[in-house]
Amino acid sequence: MINVYREEKKFLLNAEEFITRSHMLEQFMIQDEHNGALGYKIRSLYFDTAYDEDFFGKLEGLELRRKIRLRIYDPKAQVAKLEMKQKQGAYQLKRSLTITREDAIRLTQCDYSPLLKYSEPFAAECYALMHMQNYRPKTIVEYNRKAFIAKENKIRVTFDSNIIATETDMNLFSENLNMYSVMDKFGVVLEVKFNGFLLGYIKDMLAVTNKSELSVSKYMLARQASYKML
């Protein structure tokens, strides 16, 4: 199991801003090993309760809130990551557990019993929470990510583009999902993740001080097909 505790800030960029900032970061930061010309693909299936309590918790701006998801990087993958993100104010804790493809498929079918065979306490916690609070698959979100890393302060800067989703097909490993765009196709979400403080030279390169933070998550963007309150 992996635990990550950090602060995270999000900003909405246009395509020109993405190209400019990405080029600058290439000169000073380490590129993620999976980066290609457009980065790499991420696909996440998000769970929520029967009454969408996590969705409304975010919408209402609750101080304490969570998201539970399964994440893969290739539909042919033989494993998936079960992740829980818990946020309090500006800080968040992300915990993740690698599970088999077969177990991930059973989770998408609302069978959470496979989690009981994993020895990590996090697996048992997820089983209890998802079973008792009636969690169900709600949406799949996919996007391209280009990521940069600074060893100092464990800083990670990511650019997410071509964000698409579906709320009708929960087959996480399908290679033929019928998905729709959830935001302007030229829009790019910049995420800055760090522990403690953001180094000045990175802040200057990103020039984010004159932009408003983006409060809506990719999960929220995807769910707006069902809820028109965003």
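The values are calculated or read from the model by the stated rules, or taken from the named source; none is laboratory data. This structure is a prediction, so every number in the text was calculated from the model and none was measured. Cβ coordinates were reconstructed from backbone atoms using ideal geometry, including for glycine residues, and neighbour counts include every protein chain displayed. Note: areas computed on protein heavy atoms with side chains; ligands, DNA, RNA excluded. Shrake-Rupley method; radii C 1.70, N 1.55, O 1.52, S 1.80 Å.
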Revision key, fill the gap. Condition set among the hydroxyl-bearing types (S, T, Y) and loosely packed, with under 15 Cβ neighbours inside 10 Å, scope the stretch 106-162, selection farthest from M220 (Cα to Cα): answer is S119
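Keeping to the stretch 27-65, report how many residues are open to solvent by less than 70 Å² (accessible area, probe 1.4 Å) and either in a strand (DSSP E or B) or out of contact with any Gly (no Cβ under 9 Å at 6 or more places or on another chain) (or both). Outline the logic, then answer.
Filtering the stretch 27-65 down to residues open to solvent by less than 70 Å² (accessible area, probe 1.4 Å) leaves 29, 32, 35-36, 39-40, 42-50, 52, 54-59, 61, 65.
Applying the additional criterion that residues be either in a strand (DSSP E or B) or out of contact with any Gly (no Cβ under 9 Å at 6 or more places or on another chain) (or both) yields 29, 35-36, 39-40, 42-50, 52, 54-59, 61, 65.
Qualifying residue count for the region: 23.
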Check your understanding: What about D52, is it at positive phi and modelled with pLDDT of 85 or more?
Key -> yes
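What about A77, is it open to solvent by 10 Å² or more (accessible area, probe 1.4 Å), within 17 Å of S174 (Cβ to Cβ) and not in a strand (DSSP E or B)?
yes
Determine, yes or no, whether N178 is assigned to a strand (DSSP E or B), over 30 Å from G196 (Cα atoms) and open to solvent by 30 Å² or more (accessible area, probe 1.4 Å). Even if it seems obvious, please write down each step before you answer.
Numbers: assigned to a strand (DSSP E or B): no; over 30 Å from G196 (Cα atoms): yes; open to solvent by 30 Å² or more (accessible area, probe 1.4 Å): yes.
Against the criterion (assigned to a strand (DSSP E or B), over 30 Å from G196 (Cα atoms) and open to solvent by 30 Å² or more (accessible area, probe 1.4 Å)), N178 does not qualify.
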Point to revise | Single condition D111 does not satisfy, out of (1) touching a Lys or Arg at 6+ places or on another chain (Cβ under 8 Å); (2) in a loop (DSSP other than H, G, I, E, B) | key: (1)
Check your understanding: If you check every pair at least six apart or on different chains, which have Cβ atoms under 9 Å apart with a residue in the stretch 159-170 that is touching a residue at least 60 places away in the same chain (Cβ under 8 Å) first and a residue that is polar (S, T, N, Q) and buried (at least 21 other Cβ atoms within 10 Å of the Cβ) second?
Key -> A165/T139; M170/T139
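Could you tell me whether the stretch 47-59 includes any residue that is more than 19 Å from H131 (Cβ to Cβ) and of a type in the set (V, I, T)?
Taking the stretch 47-59 and keeping what is more than 19 Å from H131 (Cβ to Cβ), we get 55-59.
So of that shortlist, the ones also of a type in the set (V, I, T) come out as none.
No: zero hits.
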Study note, to complete from the structure: The lone condition Y112 fails out of (1) of a type outside the set (A, V, I, L, M, F, W, C); (2) closer than 30 Å to Q27 by Cα; (3) at pLDDT 95 or above is (2)
Point to revise | Every pair of residues 6+ apart whose Cβ atoms lie under 9 Å, when the first sits in the stretch 89-113 and is touching a residue at least 60 places away in the same chain (Cβ under 8 Å) while the second is open to solvent by 50 Å² or more (accessible area, probe 1.4 Å) and in a helix (DSSP H, G or I) | key: R95/E125
**Study point:** Among residues of the stretch 184-213, those that are open to solvent by 90 Å² or more (accessible area, probe 1.4 Å), at pLDDT below 80 and of a type in the set (D, E, K, R), counted
**Key:** 2
